[in-house]
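One structure below.
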Amino acid sequence: MFRKTRLYTPGPTPLLPAAQFAMASADIHHRTAEFRALYSKVLAQLKQFVGTENDVIVLSSSGTGAMEAAVSNLTSPGDRVLVLTAGKFGERWTSLAKAFGCQVDLVSAPYGQTFDTAQIRAALQPDTRAVFVQATETSTAVRHCIQSIAETLRAAAPDALLVVDAITGLGTTHFDVDAWGIDVLIGGSQKAVMIPPGLAYLSVSQRAWAAMETSKNPRYYFDLRKERKVAPKGESAYTPAVALIAGLGAALDYIAGQAGGDLVAGRKLLIENAESCAAMTRAGLTALGFTLFAPEAPAAAATAVAVPDGMDSGAVVKALKSRFGAVIANGQGEMQGKLFRIAHLGFFDYMDTIALLGALEFIARDTLGLPVEFGSAVAAAQRVFAARKPDESASAACLCGRANCARS
């Protein structure tokens, strides 16, 4: 049987064909009127996609470059910062803050869990300069409630800046950036916007811009003030990733096109799509006898699944790829071999989800030796899809989308 390679990884994600065509034809110079018009359009679209009136800055880098930029632009050596960590990417915030000489306080949650806001409140100090957190901890597929974290911060330490890594959160979770007071929100190109790695983007509040004027950490390429200065002219401070920006523009057009040209409505549909695929996947895997790794705080960006004791999740990853051409992600760090992760963000749909669950029925039976009744995972997912209302995630009591959120 032929095998068609399909990515089910939480980054890079499947590429949008329209974006691929746009990138292939993007043979333009970046200091021309043609590019300035494209770049100005993309910057304006990104504000709608993020959902903010704040400036949005684009960097030619991975998402980690934007994370570094947030630390280097907003802090000085010796500043006290608070990192909320529950996985490998929370740990990356810690490493970055220490690399720039910050004094790091930690609130940690076990892998697979999220934070207690009482712990956050207790950890905040009068001199806390900034709080760094993930919206979705991709390594464990946990979603943190940024709304409740923002409310806690504003009540207990209103001068502290809130910096959110939403690299897999954007396009899978609802945010009200300006109302909640998120000072920096970070996204990445290889996630929900369906293009290759290489671009990072940040929304930056007026409070954050003001803080940059007193920050003493060194920065050059990642000096966000340089980008802000030239962005109104449709330019970047340094050579931009022209083809990726063309692809990003095509992807944002596609998202808007799903809602009749309304990008804000298209963003909501994109989030609902991820929520639906995630709910279907969780139901299907549970029907097969798998254990969800983050059942209390599941993300829509990806689902993490624990394998039975004594088994290796790497065997599932390898079997899916060799037998069906489906590429999923193993666990990271200490979780490697203990769980596998399936993505739902970006260019995934109902058909992708059903197909993968059908393949996993074979893998569960033949690779892991689980008792499987063919069709059980698919049927469970079908029932979820049939019962799901189109606006289910958007109507949740809390915009994070978690039914059991403390705010719900």
Test each condition in (1) crowded, with 20+ Cβ neighbours inside 10 Å; (2) outside any helix (DSSP H, G or I); (3) touching a strand residue (DSSP E or B) at 6+ places or on another chain (Cβ under 6 Å) for A97 and report the one that comes out false. (2)
With the checklist (1) within 24 Å of K268 (Cα to Cα); (2) under 19 Å from the mean Cα position of the chain (by Cα); (3) surrounded by fewer than 17 Cβ atoms within 10 Å (Cβ to Cβ) in hand, flag the one item V327 doesn't pass. (1)
I167: outside any helix (DSSP H, G or I) and either under 28 Å from S189 (Cβ atoms) or more than 19 Å from the chain's Cα centre (by Cα) (or both), yes or no? yes
Suppose we filter G325, G289 for residues that are modelled with pLDDT under 95 and either at positive phi or touching a strand residue (DSSP E or B) at 6+ places or on another chain (Cβ under 6 Å) (or both); which single one remains? G289
Go through the stretch 72-85 and count every residue that is part of a loop (DSSP other than H, G, I, E, B) and crowded, with 23+ Cβ neighbours inside 10 Å. 1
Scanning the stretch 124-164 residue by residue, the ones that are polar (S, T, N, Q), under 24 Å from D79 (Cβ atoms) and not in a loop (DSSP other than H, G, I, E, B) total 3
Pick out the one residue from F21, F2 that is free of Cβ contacts under 8 Å to residues at least 24 places away in the same chain, exposed (fewer than 15 other Cβ atoms within 10 Å of the Cβ) and not charged (D, E, K, R). F2
Restricting to the stretch 46-71, name every residue that is in a helix (DSSP H, G or I) and either surrounded by 20 or more Cβ atoms within 10 Å (Cβ to Cβ) or touching a Phe, Trp or Tyr at 6+ places or on another chain (Cβ under 6 Å) (or both). L46, F49, V50, G63, A66, M67, E68, A69, A70, V71
Residue in the stretch 38-47 that is touching a strand residue (DSSP E or B) at 6+ places or on another chain (Cβ under 6 Å) and among the hydroxyl-bearing types (S, T, Y) present: no
For residues that are within 27 Å of L170 (Cα to Cα) and touching a Ser or Thr at 6+ places or on another chain (Cβ under 6 Å), scanning just the stretch 303-322, find the one that is modelled with the lowest pLDDT. A306
Among the residues of the stretch 251-304, count how many are touching a residue at least 60 places away in the same chain (Cβ under 8 Å) and assigned to a strand (DSSP E or B). 4
Please state which of the following conditions P126 fails to meet, knowing it meets all the rest: (1) surrounded by fewer than 16 Cβ atoms within 10 Å (Cβ to Cβ); (2) closer than 30 Å to G331 by Cα. (2)
In the stretch 213-244, residue surrounded by the most Cβ atoms within 10 Å (Cβ to Cβ) [restricted to those that are over 25 Å from the mean Cα position of the chain (by Cα) and of a type in the set (A, V, I, L, M, F, W, C)]: A237
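The values are calculated or read from the model by the stated rules, or taken from the named source; none is laboratory data. Here the structure is a predicted model, which means the values were calculated and not measured. FYI the Cβ positions are ideal-geometry reconstructions off the backbone, even for glycines, and counts take in every protein chain you see.
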